[in-house]
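Heads up: the structure comes next, in structure tokens.
The values are calculated or read from the model by the stated rules, or taken from the named source; none is laboratory data. What you are looking at is a predicted structure, and each value in this text was computed from that prediction instead of being measured. Here the Cβ positions follow ideal geometry from the backbone for every residue, glycine too, while neighbour counts run over all protein chains shown. Just the protein is used for accessible areas: all its heavy atoms, side chains included, with ligands, DNA and RNA removed. Shrake-Rupley method; radii C 1.70, N 1.55, O 1.52, S 1.80 Å.
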Amino acid sequence: MSKHLLSCVCLASVGMAVAQTMPPSVEEMAGDYVIMNYKEYEGQKLLADMKDMRIDAAGHDALKFSGFYMTDSEDFAVAYDPQSGKIAIPSGTQVLGGDSGFEQYLYLWNEDKDEVMNSDIEYLLQEDGTWKAAPPIVLMSGVEGGQLSPYYFSNESVICRANAETANVSYVGWGAEQEVYIESRPSYVRIEKNKITVYNLLQKDQYGYGCYMEGTYTDDGRVLFKPVLVGQSNDGTYKVLAGCLYDEQENRPTDITDAGGRSEGVVRGTIDLDAGVLELEPMAIWTASLHDSLVIIDSDRRYYEFVKSVKVTFEPLSTSSVENIESDGAKEVLRVEYFNSAGQRISAPCAGSFTIKRTIYKNHLPETEKIYIR
């Protein structure tokens with residue numbers, strides 16, 4: 001696989017770092033989330049897939065998961081401990097079945113014995129506000145009434161509360177048969193120093209799985225995203241999401257950006273950190289092949305989808321890391337903002353309760369921390 005198109009994402013860096021995380025109540029857990037599943041390839045844990053899911057309250061100590069696995073997968077109930085923030089999925093929970101004739105069940109996997117474990121799958125609340133399940137999880141899959149076989153779901157799995165919404169306009173096909181898709185989905189944006197990553201940016205297949213892109217931005221609001229490998233087709237060719245030139249009248253890509261240059265396939269855009277808006281220039285999902293361990297976009301420039309526009313709206317407060325600001329004392333403060341635990345802006349910290357303090361520096365990089373005043 002391409003070393004520059006398929007990169008490892010550090011689990012510890014996903015999310016918003018705060019001084020202390022208070023577990024949400026059952027009611028506060030309701031909302032949209034993004035689940036990220038990591039699998040092991042040649043000894044490395046890589047981000048394998050992601051999708052948006054929904055969590056709703058289902059009692060004083062229970063939650064309902066919707067869309068946890070794939071499009072049209074089963075809804076199911078999980079236990080939730082509001083004191084610790086632990087989520088527990090019962091062993092053997094069915095995630096696919098019904099009229100499909102094909103069944104799938106979730107289990108923990110014992111790698112030493114190559115067998116399922118009858119213990120709950122536990123997602124533990126992390127300091128960064130995400131939930132992580134570290135042991136391997138498998139889907140026991142098979143035809144109804146037949147023998148079930150294991151298929152890896154993840155070696156590590158992370159659930160993040162969605163802090164963004166992505167909207168895109170895409171074109172598929174050619175001429176009179178061309179179809180236009182106007183889509184949107186919950187996403188997750190992470191900002192660290194001058195780096196920005198958008199998870200669940202586009203839906204890459206019919207099962208609801210999304211893709212992510214990593215990039216950098218400058219003080220004047222320009223962003224550059226690297227091309228990214230988003231999948232493989234049945235014919236063995238790969239799919240790469242990359243920037244493109246395009247024909248305005250026919251709504252089709254004509255070539256990749258900066259073809260033949262060092263920044264070949266780069267995706268450009270703009271970002272307004274204060275408003276929480278990221279907009280990307282046109283890109284396409286191109287066919288690609290493997291050459292000398294590198295995934296290279298094919299020279300004939302065949303494509304699967306033309307993505308004419310992408311707009312990501314995100315919550316600036318929830319995307320920042322306390323590591324954004326170097327502690328060298330050289331950064332000048334532009335302003336300081338305070339928010340209560342419900343995310344509402346307040347004029348000053350309130351005694352006896354937790355307050356979120358957001359410091360904006362003159363280079364527009366924010367620092368966020370949770371404070372408590374007695």
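Quick notes on this one:
- Annotation note: Cβ proximity below 8 Å between a residue of segment 111-140 that is in a strand (DSSP E or B) and open to solvent by 60 Å² or more (accessible area, probe 1.4 Å) and a residue that is among the hydroxyl-bearing types (S, T, Y) and at pLDDT 95 or above (sequence gap 6+ or interchain) occurs for M117/S91; M117/Y107; K132/Y123; K132/S157.
- Of all residues in segment 167-194 being open to solvent by less than 70 Å² (accessible area, probe 1.4 Å) and basic (K, R), the one that is farthest from M283 (Cα to Cα): R190
- When segment 297-321 is filtered for residues that are in contact (Cβ under 8 Å) with a residue 60 or more places away in the chain, open to solvent by 60 Å² or more (accessible area, probe 1.4 Å) and more than 30 Å from R345 (Cα to Cα), only Y304 remains.
- Cβ pairs under 9 Å, 6+ apart, first in segment 181-209 and on the phi > 0 side of the Ramachandran plot, second part of a strand (DSSP E or B) and hydrophobic (A, V, I, L, M, F, W, C): N200/V34; N200/M36; N200/M50; N200/A164
- Residue that is farthest from H291 (Cα to Cα), among those in segment 232-269 that are open to solvent by 30 Å² or more (accessible area, probe 1.4 Å) and among the hydrophobic types (A, V, I, L, M, F, W, C): L245
- Scope segment 141-166; condition without any contact (Cβ under 8 Å) to a residue 60 or more places away in the chain, assigned to a strand (DSSP E or B) and open to solvent by 20 Å² or more (accessible area, probe 1.4 Å); matching residues: V143, S149, P150, Y151
- Filter result for D272 (open to solvent by 70 Å² or more (accessible area, probe 1.4 Å), within 14 Å of V189 (Cα to Cα), free of Cβ contacts under 8 Å to residues at least 60 places away in the same chain and over 18 Å from the mean Cα position of the chain (by Cα)): yes
- Selected residue (criterion: farthest from the chain's Cα centre (by Cα)) from residues of segment 332-365 that are at pLDDT below 60 and open to solvent by less than 60 Å² (accessible area, probe 1.4 Å): N363
- The set of residues in segment 32-65 being open to solvent by less than 10 Å² (accessible area, probe 1.4 Å) and either within 29 Å of E214 (Cβ to Cβ) or without any contact (Cβ under 8 Å) to a residue 24 or more places away in the chain (or both) consists of Y33, V34, I35, M36, N37, Y38, M50, M53, I55, F65.
- Scanning segment 79-110 for residues that are part of a strand (DSSP E or B) and small (G, A, S), we see that the one that is least open to solvent (accessible area, probe 1.4 Å) is A88.
- Neighbours by Cβ (under 7 Å, 6+ apart or cross-chain): first from segment 232-255, closer than 18 Å to Q206 by Cβ; second among the charged types (D, E, K, R): Q232/K239; S233/K239
- Any hit, segment 131-154, residues being modelled with pLDDT of 90 or more, closer than 30 Å to E28 by Cβ, out of contact with any Phe, Trp or Tyr (no Cβ under 9 Å at 6 or more places or on another chain) and not hydroxyl-bearing (S, T, Y): yes
- Checked across segment 57-68, the condition of being touching a Gly at 6+ places or on another chain (Cβ under 7 Å) and more than 20 Å from V138 (Cα to Cα) holds for no residue.
- Taking segment 204-319 as the region of interest, the strands (runs of 3 or more DSSP E) fully inside it that hold 3 or more residues being aromatic (F, W, Y) are 303-314.
- Of the criteria (1) over 24 Å from the mean Cα position of the chain (by Cα); (2) open to solvent by 20 Å² or more (accessible area, probe 1.4 Å), which one E74 fails: (1)
- Residues in segment 134-179 that are among the aromatic types (F, W, Y) and over 17 Å from S91 (Cα atoms): Y171, W174.
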